[in-house]
Structure formats: C-alpha cells, structure tokens
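Participant: I have a structure here, written as structure tokens, and I will follow up with some questions on it.
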Amino acid sequence: MEIVDVLIIGAGPAGSIAAFNLAQSGLKVILLDKAQFPRRKVCGGALTRKALDELPFDVTPVIHRAVDSGYLGFRGQNVCTIRADSPIAYLVDRTSFDAFLLEKAIQQGTDCIQQARVTAVNQTETGVIAQTTDGAYQGRFLIGADGVHSLVAQQAGFQKPSPTSICYEARLMQPENAGGNHLDTITFDFGTIWWGYGWVFPKRDHLNVGVFRNWPGRKVTRRHLLRYISQQPGLDESNIFDVRAFPGPLGGKPGPLHAGRMLLCGDAAGLADPWLGEGIFYALASGLMAAETIIQQAVSPETDLAAYSRKIQENFIRQFKYARRFAVLVNCFYRTNVNLLKNSETLQRMMVDLLTGQRTYEQVWRDLWVNFPRLIQKVFHLK
C-alpha cells in the first residue's frame, strides 16, 4: 500500500482548499469523497468578503452576483436597506463553487478518489489508514473534512459534536415581477421565524430562499419555509423546483481538534457562525490552518498537531461566544432591533463591518455597549 503524505476525507471547501495548499507545497495528497463531482450541495451560497479573502486564487468564474446592499425585514416587510461602499456578499451556487475548488486542488497535483465512501479510520505508529468502499489508503497525516456527521470525528474519539440546527432551503425560478425586490440584493428577515431568520439570495438563474433556526433543539420545518415564501412580495411557492433540508453546526466547542496524526476542520469541527449559520468562511480558514500545520509538521521528527487546535481556539471559539450573545439579543427583541438598525447609521456600519470582516463579534458587542445609552434613547423615540 502506497503511503502518501496526507489523506483528506471530504472534498468540500475545507478539504479542497487544504488539498490545494498541501499539494502546492509539494506534499503528496489523496482526497477522498463519497460523491461524484459536481454534486448538489444544499447551502445558501453567500460568500462574505472575509471568506473571499481566504481564497488563494480567483473565483470570479463561479460568482453569480456581487451585492453591496441588503434588505432587513420583519415578517415579509422591508424595514430598512443597508448599503456599503463595496460588496458585502458574493453569491455562488455550491454545486459549481465546490467543483471549482476541487478542480483547483487537482490541478496542483491532488489525487482525488470520488465515489469512495470512508467506512473506518485507524491510526498506526507512523500514519493513518482509511478503509473505503474503493479499498484502503494510507497517509502520514489525515484531515477530517467530512461534514457535520463526521465519521472521522466519531471514530477518532473526539469530543461530542457541537449542537446543530436544521435549515430548509428552496430554489425558485426567478419570477417575472420580482424586479429589484430580490434580484439586486440579499434579504434577511428576522421576524418570520422565532429564534432564527429567513433569507433570499439571488443567483444567475434562480432564487435561493431558506429559513434557519440558530437555537439547538428548536426545529424548523417545510411549513416554516413555505410561510416565509408566502410573505415575500413577488414570490410564490408555485415557482419552487427544489426543496431540501440540511443540518448545520452552531459554533464549535472549546476542546482539541487534533488527535495523534488527525485533524478536523470545517463542519466536521463544528465551525460555523452560531448566529447566522455561515460556514464557508470557517471551512476555508480552518482548511488553510490545517494545511499550514501539517506542512510545518511534515519536516519535523516529532508529531504534534496541537498548534492547530490552539489556532482554532484563538481565532474562532472566543468569537463564537459573542456570536451566541448576539443571537440571544436579536432573537429576544426582533422588532426593536430591526427598527434600531433602520434609524441608526452606527449600527448599520457595525453590521457591514461584521459581514466584511473589518470587525469581530467581540468588537461589535463591546461597541454596542459603548453606544447603549444613545441606542436606548432611540428605542423611546420609536415608541
């Protein structure tokens, strides 16, 4: 059995970007995935500015739209529009986006084995063996990027998985009368569903519409999705051509994401925004961190991947704590918060800076309390 430098399980954004960097550095990489690409991936498909900045190559060919404004709504009514001087989101379809990233990794020399479902992983003194439906593969290191129900995480004895929530997503044909209501911007509605929100993201040839609950244990259903669609001006469920549900993590827990010669990244590590559920940025960033750690370890006589877990803790876990506080604040006072955003340029700038990566959740949280007295005055004025 050939022993390669790195095995990667899962060819989503985390796995593919890790494979790209590892192969670019000269390491021998095998990337395993149970699907045949291109494959359908359920996701809203909104890249933030900070997610785009993580990519070491141009992805313009698979960007459907770049939007510099967003509607904030309450139960189908547009309360305010937030605008920025540059794009705040880049909209992609995950089918083509993921296939594009994978092709970039292959071009760098990654050997991708598709339709190979991993059934077991076992560590040895010198590496890791992955048993698959296509045979066995062995590497000096292994990256688990195999999603929210990660087999690698289960079999390697990592801590219990992070809490998850279910999203419902529909793809709709673009209605003729949608006009500027949905085709030139993104929409977030923070009143349509308790403990969550609804979204509308325009793509080249369809609309991506979904609902998400950011509180574990509180389910979202197809009924919630259809109700949200009925609230949106110009949208109708007769235009739906695909509906799917998918689980997403609600922020990682403190704890190691390495075990021996194995690392977890992306959804497998529970890395997603606990408020908005956005996971592409964290998939890309953690994939790059995993690759960087292994590149450094590849020339070391000893194996110690603890630096990776420390990076994740330092960069993300603390921010997730503040994101959860943000979720509670917004969920408890939907209408008040949306109206405050409508009347406060300061809050609007905070939200833009948060989405574009110019401020962290911690910075925004602290800024909120600095401005608290003035914001309270606005609440009384609204009353």
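Participant: Binned at 20 Å from 0, what are the whole-percent values of the Cα-Cα distance distribution for the chain, short to long?
Facilitator: With 20 Å bins starting at 0, P(r) equals 29, 55, 15, 0.
Participant: Taking springs between alpha-carbon atoms closer than 10 angstrom, which of 120, 89, 19 fluctuates most in the Gaussian network model of the chain?
Facilitator: Its mean-square fluctuation being the largest, the pick is 120.
Participant: I would also like to ask the following. Considering the dipole of the chain built from charges on the beta carbon (Lys and Arg +1, Asp and Glu -1) around the Cα centre, which of 271, 217, 97 is farthest to its positive end?
Facilitator: It is 217, whose Cα lies furthest towards the positive end.
Participant: How much length is gained on full extension from residue 173 to residue 332, taking 0.36 nm per residue of separation minus their Cα-Cα distance? Provide the component values of the computation, followed by the final result.
Facilitator: Details: separation 159, 0.36 × 159 = 57.24 nm, distance 3.38 nm.
53.9 nm is the gain from fully extending residue 173 to residue 332.
Participant: Label 7 Å along Cα→Cβ of residue 149; segment 35-50 residues with amide nitrogen under 16 Å?
Facilitator: Zone members listed by number: 35, 41-42.
Participant: Report for the chain the percent antiparallel among DSSP-assigned beta bridges with both residues inside it, nearest 5.
Facilitator: For the chain, the DSSP antiparallel bridge percentage is about 70.
Participant: Contour minus end-to-end for residue 2 and residue 237, with contour as 0.36 nm per residue of separation and end-to-end as the Cα-Cα distance? Provide the component values of the computation, followed by the final result.
Facilitator: On the way: separation 235, 0.36 × 235 = 84.60 nm, distance 5.24 nm.
Value of the extension gain: 79.4 nm.
Participant: Take the alpha-carbon centre of segment 294-324, take the same for segment 209-256, and report the distance between them in whole Å.
Facilitator: Each part reduced to its Cα centre gives a spacing of 31 Å.
Participant: For a label point 7 angstrom out from the Cα of residue 111 toward its Cβ, which stretches of segment 1-26 have the backbone nitrogen within less than 20 Å?
Facilitator: 1-12, 15-26
Participant: Apply the Karplus curve 6.51 cos²θ - 1.76 cosθ + 1.60, θ = phi - 60°, to the phi angles in segment 120-127 and return the couplings in whole Hz, x for Gly and Pro.
Facilitator: 6, 10, 9, 8, 10, 5, 10, x
Participant: Averaged over every viewing direction, what's the projected area of the C-alpha convex hull for segment 89-238? Give it in nm², one decimal, please.
Facilitator: 12.1
Participant: Still on this model: Can you give the FRET efficiency to the nearest 0.05 for residue 300 and residue 59, using r as the Cβ-Cβ distance and R₀ = 35 Å?
Facilitator: Efficiency for this residue pair is about 0.60.
Participant: How big, in percent, is the set of alpha carbon pairs in segment 186-282 lying more than 19 Å apart?
Facilitator: That fraction is 50 percent.
Quick note: the coordinates plus some simple rules give every number you see, no bench work behind them. The structure presented is a predicted model; accordingly, all values stated were derived computationally and were not measured. All Cβ positions, even for glycine, are placed from backbone atoms using ideal geometry, and neighbour counts span all protein chains on display.
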